[in-house]
Amino acid sequence: MKVFKEEQRFTQWWIWILVSCLAIIPIYGIVQQIVFKIPFGNNPMSDVGLIIFLVFMLLFVAFFFKLKLKTRIDEIGIHYYFFPIQLSWKTKRWATIKNITTIKYKPIQHYGGWGIKSNSYSVKGNIGIKIEYKNGESFLIGTQKEQEAAIVLKNYNHKLTTDES
C-alpha cells in the first residue's frame, strides 16, 4: 500500500516578521541603553537584564524556527508529530476512525488559528485531513498536499470498516 508523508513548517512572512520583532526589541534596547547610555523605557531594565531578555528572545526565535508538523498515513493509521513540542509520534488507528477526508476550512473561524489545539494541529493554509472518530469526536491535521493525501486516504478507506484491531 502507498504511504503518505509530509513535513510542514511555519513559512508565512507575516509570522516571521512578528517573531523577528521579538528579538529586535531587546537589540534596540541594548544599543540605546548600553551603547548610547540612554535608558530604554520609563522603568529601564538593568544592562544584564536586557542581555538576558535578548538571549531568551533569540532562543524563542530558534525554537519557532525548529517547529515542524510531520504527518504519515500508512496501513496502521494516521500518525502525526509536532516537533519539538511533542516527544513522540501520536497515532490514530484505523479501528478508531469512522470517516477521514481532506477538507477546506477557515483556520481562525473553525479551529482558532494555526498551531496545536485540542482538536487540530496545523501550521498554515486552509486544507486539512479531517478525522471523525467512532465516538463522535473529530480532529484535523493541516496539509499542503491535499490531492496526494486524498489518494492515499482512498487507498485505506477499506480499513475504516474492516479493521477491528
| task | Taking only the stretch 106-123 into account, find how many residues are within 23 Å of Gln147 (Cα to Cα), at pLDDT 85 or above and surrounded by fewer than 17 Cβ atoms within 10 Å (Cβ to Cβ). | result | 2
| message | So for the stretch 84-98 (the condition being open to solvent by 20 Å² or more (accessible area, probe 1.4 Å), modelled with pLDDT under 95, closer than 21 Å to Glu148 by Cβ and not in a helix (DSSP H, G or I)), does at least one residue qualify? | response | yes
| request: Please enumerate the residues belonging to the stretch 36-67 that are under 30 Å from Val123 (Cβ atoms) and aliphatic (A, V, I, L, M). | output: Ile52, Leu54, Val55, Met57, Leu58, Leu59, Val61, Ala62, Leu67
| message | Going through Gln12, Gln8 one at a time, which residue ends up being under 33 Å from the mean Cα position of the chain (by Cα) and modelled with pLDDT of 95 or more? | response | Gln8
| Only one of Lys70, Lys90, Lys98, Lys37 that is without any contact (Cβ under 8 Å) to a residue 60 or more places away in the chain, in contact with a strand residue (DSSP E or B) (Cβ under 8 Å, 6 or more places away or on another chain) and basic (Lys, Arg) | Lys90
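Could you please find all residues in the stretch 28-45 being open to solvent by 80 Å² or more (accessible area, probe 1.4 Å) and of a type in the set (Val, Ile, Thr)?
To start, the set of residues in the stretch 28-45 that are open to solvent by 80 Å² or more (accessible area, probe 1.4 Å) comprises 28, 35-38, 42-43, 45.
Of everything in the stretch 28-45, those that are open to solvent by 80 Å² or more (accessible area, probe 1.4 Å) and of a type in the set (Val, Ile, Thr) turn out to be Val35, Ile38.
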| Which members of the stretch 46-68 meet the condition of being in contact with a helix residue (DSSP H, G or I) (Cβ under 9 Å, 6 or more places away or on another chain), more than 30 Å from Lys90 (Cβ to Cβ) and open to solvent by 90 Å² or more (accessible area, probe 1.4 Å)? | none
| remark: Only one of (1) open to solvent by 30 Å² or more (accessible area, probe 1.4 Å); (2) in a strand (DSSP E or B) does not apply to Thr71, and that is (1)
| said: Looking at the stretch 109-165 only, could you name the residues that are in contact (Cβ under 8 Å) with a residue 60 or more places away in the chain and more than 17 Å from the chain's Cα centre (by Cα)? | reply: Glu148, Ala149, Ile151, Val152, Leu153, Asn155, Tyr156, Lys159, Leu160, Asp163, Glu164, Ser165
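The values are calculated or read from the model by the stated rules, or taken from the named source; none is laboratory data. Predicted model only: the values in this text are computed from it and were never measured. Cβ coordinates were reconstructed from backbone atoms using ideal geometry, including for glycine residues, and neighbour counts include every protein chain displayed. Protein only, heavy atoms only, side chains kept; ligands, DNA and RNA dropped before computing areas. Shrake-Rupley method; radii C 1.70, N 1.55, O 1.52, S 1.80 Å.
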